[in-house]
Structures are given as C-alpha cells and as structure tokens.
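Structure, as structure tokens:
Every read-out reported here was derived from the displayed coordinates using simple, explicitly stated rules and does not represent laboratory data. The shown structure was predicted, so the numbers you read here are calculated from the model rather than taken from an experiment. Because the Cβ atoms are built from the backbone with ideal geometry, glycine has one as well, and the counts that use them run over all protein chains shown.
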Amino acid sequence: MSKQQPNSFTLTVRDDKVAVITMDIPGESMNVLKASFAAEINSILASIKGDSTIKGVVIISGKKDSFIAGADIAMLDSCQSAEQAEDIARMGQQMFDTLEQLKIPLVAAIHGPCLGGGLELAMACHARVATDSVKTVLGLPEVQLGLLPGSGGTQRLPRLVGIQKALDMMLTGKQLRAVEAKKAGLVDEVVPQSILLQAAVERALKTKISIKTKDKGFLAKLLENTGPGRNILFSQALKQTLKKTQGNYPAPVRIIEVVRKGQDSGYAAGLAAEAKAFGQLCMTNESAALRSLFFATTQMKKETGAGDTQPQKVKKVAVLGGGLMGGGIANVSSTKAGVPVRIKDINEQGISNALKYSYTLLAKKFKRRFISKADMQKQLLLLTGSTDYSGFHDVDLVIEAVFEDLTLKQKMVADIEQHCAEHTIFASNTSSLPIGQIAAKASRPENVIGLHYFSPVDKMPLVEVIAHEKTSAQTIATTVAFARKQGKTPIVVKDGAGFYVNRILALYMNEAAAILLQGEPVEKIDKALVKFGFPVGPITLLDEVGIDVGAKISPILTAQLGERFTAPDAFSKLLADGRKGKKTEKGFYLYGAAAKKGVKTVDSSVYNILGVSPAAALSSQAIASRCTVQMLNEAVRCLDEGVIASARDGDIGAIFGIGFPPFLGGPFRYIDTLGVTNLVATLRQLQAAHGERFAPCQRLLTMAEQNSRFYN
C-alpha cells in the first residue's frame, strides 16, 4: 500500500485498487470544511488522476461518530462584503464540481452527521452509502443560519430527491435518518457501521458514473417537469413560506428563487444565482444574528457554569412527581442522558402516567423507524417507579416536579437528605418560588439548586439552572453538565422571583392584557406579535400555559419586585368565570366541539366578562412595541442585578425559553440594533402616556448617555 499524508486528509490506495480518502481534522471533535482545504483536495485528486490503476474512490471520515458536520461558519464573519462571501461559495462549487467530474467512481461512506457542506460534498459523489446508526443524519440546515446551501446544494438536492422534497429539506433545515434518506433517493445503500467501508468499496467497484435523478411518480412529473406545474409548485411554496416566516427571514425566499432559477434556466445559471444569493444573505442582519446564536450556543457547551469546577458524573436520577413535567423530565433523562430513572409519586396512577409519557414518545419514534424495537425496550427498562423512597439510596440527582407549595418542597428536601447519599443533589423544577426558601431548612443547602424546565419538556430546549447563595460550585457544574446530557441548553441564573425567563415574560404578558382591556381585539394582539416574530401571540400563550398559572405568579413577582408587575384586572375576572385556558377548554379561544376545525376562533363572550367592547385603534407596530419594550427593559434590569451573567446568556434564555424572534438575535442584540437612545425615547413616550411601568431602568439611561452597546 502507498500513502500520502496531508494535514487533514489521508490518501490510501488499497490492494484492490480502491483509493480511500480519510478526512480527519487534527484537534477537532468533528470535521468541518474550510476554504483552505481546496489545495489539499486538489493535490489528492491530482494523485488519483495520475494513477491509472485506481478503479474507485471512497471518501470516509476518520472521526468516531461524524462524517462532516458542515462548513466552518467562522470564515463568513471575516467577510467584509457580499462579493467576498460569494467568492467562498464559488470556491466550494468549483471544488465539488471537480469531484463530480472525476472519471473514476466516487462514493461517500457516511456515518454520523452529514450536514451542510458535508452533504453537498456527498451529493457531488457518484453514490452514497450510510450507516443505520441513529447518529447518522443528513440535511442542509443553512436556513437556520439565515443562509442557503452555497456549494451546489440548491441544484444537486432537487436532482436527487425531487423539487418538493428538496424545498422541504432546505426551507426547514430538516434532517433525514439514513433509512428516510434512502427512501427519498439521497442515499443508495444503508448498512451496519461495522461494514461501512467494505460496502462503500464494493459500491465504488460496481458503480457506473452518471448523474442520478429522482424517479418521479405521475403527479410529481406533472408538477416538476412542466412549466405550469412548476409555477404552481413554486408559488405554493412561496405562499406557505411567507405565512410561516411572516416575511421576517429573507433566506427561505431566496432558496425558492435559486432552486427555480436552476430548474428554469439550467445548472450553470442555478449555480451563479446560488453563489450570488449566498453572498448577499451573508451580509444581512438576520444571518448575522442567527450566526451569533450558533456561536453563543457552541461556546456555552464548553462552560461548566461554575468557573474551573468540573462536574461529577450522574449515574442515576430520581424524579419526584409523575405529572406532565415529571414525566417529561424522566423521559429526557432516560432517552437523552441514558441513565436509570426512579420515579416517585404518591400513587400508582402518577407513576403509570409518567411511564406512559415515555412509552408514547418512544412508540412514535419506533413507528417512524427512528429507533429499533430493541432500543425502545432498552430505554423503557431504564424507567422504574415507586410510591416510597425505595431505590433512592444510590441516586446522584433528584429532580422535584410537584406543584408550587413551599412547605411540600421543603419536606421533600428533608426526605431526600434522609433517604439519599450525602452527595445527592436536590434540584427543584419550580417556576416561581425562590430556591433559597426551598433550601432554608436543609441540612445540606449546598446540594440544593433550581432546575426550571419549560413545557413540553421533550421539545423546549432551555433550562434555567438557579443557584441560591449557598449552592456549591460542584452542584452547579454537575447540574449544568447533566442538563446538557438531557439535550438542553442550560443558563445559570441568580435566585430570585421569576428568575430570568418568567420575569421578562410576565411584563410582556401583562402589557398584552392591558392592551386587551383597552379594547384591542384578541386576534389583533396575537397577530401583531406573531408578525413581529414570536411563534405564538401572548393571548394564545396565556391560554396554553394556563390563566390560573399567570394569576398565581403575578402576586409573587409584585411582592418581591415592585408595582410594575401588578397584573391588570383581567386575570381575576376570567378566573371568576372559570376560565383557565386550553386545559379546561375555556379561555380566550374556543376549544373542543365549539371550535371550528382547523381555524383558531376567539370566544367572543370573553369581552363581556372583561367588560370591554372590541375595537381596533392601535397599529400592529404599536401593539408589538408596547409589549416588547417591557421585555427589553426588564432584561436589562436582570443583567444589571446579576440575575444573568451576560447579555449572551440573556439572549439565549429569551430565544430558547420563550421564542423571542431568533432573527433579532435576542433582547440585547435587538437593543443594539434599535439603539439604546431610541429605546429610551420610546420608553419615555410610553411612560408619559401609560405610567411608571414604562420608566427606563438606570442602566439603559447610563448607556444612552455614553452611547454604548452590549456587543462590540
């Protein structure tokens, strides 16, 4: 065998005359594509072309569990113009065109994430073999960074999977498992990981070079292969996209345009349009904000939340309470973190409900072939239940998820200290009670911490880790590390009423209620904030969370943080009428038999309860501004008081916890975009019109005087 070893690529020619290119970037946990690799790849291809005995080529990763996770996003931040970013795209296009034009069969052997530029490289190969591992996923997630695939992906993906499937993948960033990818036409063969290289070599030896296209059914041919059909397809895609994005994200629209250009005018025209659009999108504020979010979450994964203190390993977890939250926490602890979970509830029904929660989710995954039956059974076996504390002696972390009652939570701390080891951490999933109060009677208060999840636990990415004054650094580090193993993005926040997320959310929700009591229609308020960029409007959110929950939290916040948190009179009136929201099918909107199928309809009787006559007077922009500036002002207060450690943490918390518009980058980046002086001026105007709840906080006033920003 002959070898040549550049920095990130190794070329090995096997005895059967198949050349294997192994990509393994030194010092990195995952492979990412860099512009600097062009020379290395060209050198390797020159060696292959110079050896007439080579019969096939396989590209494989040297990393244990990843193929290529995408391109190096950092190189885009150094671009000063759209033209520079366009040049990067053209370089990628040329590199992959060179691969595709190779006269020897070229096969991608894929195990682990094959995303973005990694999938674009794989699509430039003549065939693709993937492992059946759950770690193997394929997708083009560039839209999540405010970009489009820039190295030929917009042109090759439709060719392989059809226009409709390609648009679906690119517009959502959806990732396909290997079996799904094979069904779609993206992968040629799915094999066990143990024989990946062997299968790829065999495929290279028998592959005939040709540009594959998706076999289409009659309807797909009608839509994709005719001018009128494509008109319908693309116009529908644009209509649905604008409805979903509210026009706030430019990338999805450009993806549709570029795919269409390639279909109507040919491959070369499509590539030119792709590179140009990539360059222009790279310079947008939306992409800059989304890329900053990517860098922030990547950076946070390297932090323990407690300086240099390293976490202890959590080998077993217990959950107190088998309700919706308890069931969700048990599920992510067993399925994502992969540890045994002991569930305790006061009765067997609670334990049964918690077990059923996981069974239902795992059954869906099994049905969709995401996991095997053996995997499903293995994960279910990690869950056990009890109505007493048996099985708690070797638990490292106990997560309490019962209702908001201070006396009950304090008793549970005492119980855990009695039945568990000295090192066992007690984490409370409270949304409003200060952790210091829960730990007040503890004999080991250093082990008590808050772990505030958001509902539904299996879907919401954020968790707040709340340390009180006596929580140890070891407890913080261990809790943060375990939250990450659960698949969560944790932010460490200081103890206090509402912590961070609920505190900034409360003023936003209160303001929406105040606007409602002025007579603005429910649906107009919701539409205004959805147009602004929130996933749902504040009134819908109140129905979802529970009007009674909002009413309960408000007095706690008012008592500890001041009069600005006093809720409008709407809550008490609604509760007096038995309206708690969606869970009781009685709130602001109609539910059950009274609701129109597929149409969200306001329960007009709510206006009589509130004593208002709905009449639109404010613009959508005015409604959105009044609600959001409250949130911005309070977020800055939280930073000033040390509730959050940084503007970065505040932005992550708001986006992942309550759906603050990601394209704005979070409250603090949005303030930088608005300009502090402009925000202060808006708050002053609203203060004059509506009262002291709009008074700008001191830090904003100081920043306005100094004309400073949160980010450089």
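Could you work out how far the C-alpha centroid of the range 676-712 sits from that of the range 268-295, in angstrom? Cα centroid to Cα centroid, the span is 33 Å.
Computed from the C-beta positions of Thr387 and Thr407, the FRET efficiency with R₀ = 30 Å rounds to 0.90. Between Thr628, Thr601, Ser646, the Cα set farthest toward the positive side of the dipole of the range 590-712 (charges on each charged residue's Cβ, about the Cα centre) is that of Thr601. Other residues whose C-beta falls under 13 angstrom from the C-beta of Ile623 contribute a net charge of 0, scoring Lys and Arg +1 and Asp and Glu -1. Summarising the label geometry, the points placed 7 Å from Cα in the beta-carbon direction at Ala35 and Ser372 lie 4.5 nm from one another.
A Förster radius of 41 Å combined with the Cβ-Cβ distance from Phe294 to Ser194 puts the calculated FRET efficiency at roughly 0.75. Of Ile399, Gln263, Ala277, whose Cα points farthest to the positive end of the dipole of the chain (charges on the beta-carbon: +1 Lys, Arg; -1 Asp, Glu; origin at the Cα centre)? Among Ile399, Gln263, Ala277, the one farthest towards the positive end of the dipole of the chain is Gln263. Loop-resident GluC sites (Glu not before Pro) (DSSP state other than H, G, I, E or B) in the range 1-88 with no more than 14 further Cβ atoms inside 10 Å of their Cβ: Glu28.
Relative contact order of the chain: what whole-number percent is it, with Cα pairs under 8 angstrom and at least 6 residues apart?
Numbers: 1324 pairs, mean separation 62.7, N = 712.
Over the chain, the number comes to 9 percent.
Full extension of the segment from Asp97 to Ser78, taken as 0.36 nm per residue of separation minus the current Cα-Cα distance, would add 4.3 nm. Report the FRET efficiency, 1/(1 + (r/R0)^6), for Asp51 and Tyr267, where r is their Cβ-Cβ distance and R0 is 25 Å, rounded to 0.05. It comes to 0.25.
For the range 335-420, the number of Lys pairs with C-alpha atoms closer than 21 Å, counting only pairs eight or more positions apart or on separate chains, is 21. Its Cα gyration tensor gives the range 2-283 an equivalent ellipsoid, and the semi-axes of that ellipsoid, as √(5λ) in whole Å with the largest first, are 30, 21, 17. Out of every Cα-Cα pair that the range 317-494 contains, those further apart than 28 angstrom amount to 17 percent.
Between Thr584 and Ala414, the modelled label-to-label distance comes to 3.3 nm, taking each label 7 Å out from Cα in the direction of the beta carbon. Each of Val599 and Gln246 was given a label point 7 Å from its Cα along the Cα-to-Cβ line. The distance between the two points is 2.3 nm. Taking every C-alpha pair closer than 8 Å and separated by at least 6 residues, the mean separation divided by the residue count of the range 317-494 gives a relative contact order of 21 percent.
Net charge around Leu205, counting only other residues with Cβ within less than 10 Å of its Cβ (Lys, Arg = +1; Asp, Glu = -1)?
Once positives and negatives cancel, what remains is +2.
Counted residue by residue at 0.36 nm each, then reduced by the alpha carbon distance between them, the extension gain from Gln687 to Ser619 reaches 22.6 nm.
The packing ranking, built from the mean of other Cβ atoms within 10 Å per residue, places the peptides 286-297, 445-456, 303-314 in the order 445-456, 286-297, 303-314, highest first.
When the charge dipole of the range 2-283 is built from unit charges on Cβ atoms (+1 for Lys and Arg, -1 for Asp and Glu) and taken about the Cα centre, the candidate among Thr12, Asn248, Ala178 whose Cα reaches farthest toward its positive end is Ala178. Residue separation times 0.36 nm, minus the C-alpha to C-alpha distance between Lys174 and Asn678: what's the value? Between Lys174 and Asn678, full extension yields an extra 177.6 nm.
Arranged from highest to lowest average of other beta-carbon atoms within 10 Å per residue, in what order do the peptides 160-167, 184-191 appear?
160-167, 184-191
Sequence gap at least 6, Cα distance under 8 Å: using those rules, report the relative contact order of the range 2-283 to the nearest whole percent. The partial results should precede the final answer.
Details: 541 pairs, mean separation 54.7, N = 282.
19 percent.
Peptides 227-233, 127-133 ranked from most to least packed, by the mean per-residue count of other Cβ atoms within 10 Å: 127-133, 227-233.
Could you work out the helix-only [θ] at 222 nm for the chain, with each DSSP H run of four or more residues adding -39,500 (n - 2.57) and the total divided by the number of residues, to the nearest 500 deg cm²/dmol? List each step's numbers first, then the result.
Values: 30 runs with 355 residues, N = 712.
Per the formula, -15500 deg cm²/dmol.
Restricting the calculation to Cα atoms, the chain shows an Rg/Rh of 0.99 when the hydrodynamic-style radius is the Kirkwood one.
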